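Taking it in order: structure first as structure tokens, then the write-up.
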Amino acid sequence: MPTSLSLKELSKKEELFSPGHRLCSGCGAPIVVKMVMLAAQYPIIAANATGCLEVSSCISEYTAWKIPWMHSAFENAAATMSGIETMYRSLKKQGKISDEIKFIAFGGDGGTYDIGFQSLSGAMERGHDMTYICYDNGAYMNTGIQRSSATPFGADTTTCPAGSKCPGKLQQRKDLTKIIAAHGVPYVAQASPSHWPDLMKKVRKALEIKGPKFLNIIAPCNRGWRSQTNDAIRLSRLAVDTNYWPLFEIENGVTRITHTPKDKKELMRFLKPQGRFKHMFTSENEWMLTAAQEHVDAYWERLQREQECFAPQNGTRLPNPEHLNWQ
């Protein structure tokens, strides 16, 4: 199916993630899920790790999902979806099912970067034909805003509180997108709801590719970020425009930047609207702003070099490696 987008087509599609869920006002996660569901051109079966999205979208017999959906434990959404996808292939081989169905697992950064990494890594290594989508809000928001390995440098959380003893988190966030790419999977990408055509095209591309795929999508959390409830898209855009959250894809090992900010902004433009970084703007913590900016700039430079070094000749896309039997 084509990966191009048509607003007319999208406006006529049924919303498969319905209103009425209990997610916070202004939460980035339901925005991401709605875009993913609208982009999909196939029947979808979803698995969902325990987290904000799961606990707020299915309570008792009430659910916001209009597709087959399975709740998994915090740590095993990828393993659950691996089993569902394997069962589907078996039923299809037996001639008991003929529909072309796609499989998507959703997890927050706590259930993806940390607790669920073992099952995600296993699913990617085994080559299951599934797409894993992380809605990345940068902490364990559902359980009390605890630090995760996706939490950015300097952030104030309940387990690394900014104060006289420690100025917030002192480690840089884990680069999970590159880690999954290192598994040799055919497609990984970073996306943002502020740049919805880019996000939806990446979803469509992922669903067309056989084998394991991974999308990391920023999903602002006004409760944990201590920002305004109407700031999700603004902050998502600032994350992209400051290169905190660069938009790129890695297809069969080839890196391609999918958006270059026309007017690159300083990182502090992204940090300042968020209360979790307010301590960084004091005189004694100016070094933190400098360190954070230097890290973002260095990452962007490396990403540009990777695109230049591994670009295919004549601008052509590389085919899926023939020796890999993605099932």
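Derivation of every value follows stated rules applied to the coordinates shown; laboratory data play no part. Please read these numbers as outputs of a predicted model, since none were measured by experiment. Cβ sites come from the backbone with ideal geometry, for glycine too, and all protein chains shown count toward neighbours.
Where only DSSP H runs of four or more residues are counted, the chain gives -10000 deg cm²/dmol as its mean residue ellipticity at 222 nm, each run worth -39500 (n - 2.57). Over the chain, Cα pairs under 8 Å with separation of 6+ residues give a relative contact order of 16 percent.
Excluding R226 itself, what net charge comes from residues whose Cβ is under 10 Å from its Cβ, given Lys and Arg +1 and Asp and Glu -1? For residues surrounding R226, the net value is +2. The orientation-averaged shadow of the Cα convex hull for the range 1-122, equal to a quarter of the hull surface, comes to 8.9 nm². Counting DSSP beta bridges with both partners in the range 12-311, what percentage is antiparallel, nearest 5? Of those bridges, close to 35 percent are antiparallel. Take the chain, connect every pair of alpha-carbon atoms lying under 10 Å apart with a spring to form a Gaussian network, then pick out the residue of S164, S25, S227 with the largest mean-square fluctuation. Most flexible of the set in this elastic network: S164.
Output the peptides 116-126, 207-217 sorted from most to least packed, where packing is the average of other Cβ atoms within 10 Å over each peptide's residues. Intermediate values should be presented prior to the final figure.
Details: 116-126: 20.2, 207-217: 22.5.
Packing order, densest peptide first, comes out as 207-217, 116-126.
Per residue, how much space in cubic angstrom lies within the convex hull of the C-alpha atoms of the range 88-160?
On the way: hull volume 7.2 nm³, N = 73.
Enclosed volume per residue, from the Cα hull, is 99 Å³.
Rounded to the nearest Å, what's the spacing between the alpha carbon centres of the range 242-293 and the range 45-74? Just the number, please. Using only Cα atoms, the two centres lie 32 Å from each other.
Exposure proxy check: L235, L16 ranked by fewest other beta carbons within 10 Å?
L16, L235
Ordered by the count of other Cβ atoms within 10 Å of each Cβ, fewest first, R269, R147 give R269, R147. A viscosity of 1.002 mPa s and a temperature of 20 °C, combined with the Kirkwood radius over C-alpha pairs in the Stokes-Einstein formula, give the chain a diffusion coefficient of 106 µm²/s. Annotation: extensible slack from E100 through R22 equals 24.9 nm (criterion: 0.36 nm per residue apart, minus Cα-Cα distance).
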